[in-house]
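Only one structure is covered here, and it is reproduced in the block below.
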Amino acid sequence: MSLLEIIAAILILIALLSSYRVFIGPTVYDRLIALNVVVVVVVVIFTVISVDWGIGYFLDITISFLLLNFLATLAFIRYLEGGDFH
């Protein structure tokens, strides 16, 4: 087992532990933060896989996924605060 595979396994464990907070979180904000943590960990896992396997287009996918996560978080927070989407 290589070092990158060990790192990926640890990151999967972190994502699983954070996903517990997504389902059991006491508030909506806690669940949103936990979901962002899971998304970032998944992006890091894809980056580690991309470096290990030498596949460059995984990095494009991860950048797009992070941008989508950021915009969705902003929209959801604005929705929770009662803001307009004009």
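Quick note: the coordinates plus some simple rules give every number you see, no bench work behind them. In this text, all values refer to a predicted model and were calculated from it rather than measured experimentally.
For the range 3-80, what is the relative contact order in percent, using Cα pairs closer than 8 Å and at least 6 residues apart in sequence?
28
Rg(Cα) of the range 3-80 divided by 2.2 N^0.38 Å?
Cα Rg divided by the expected 2.2 N^0.38 Å: 1.20.
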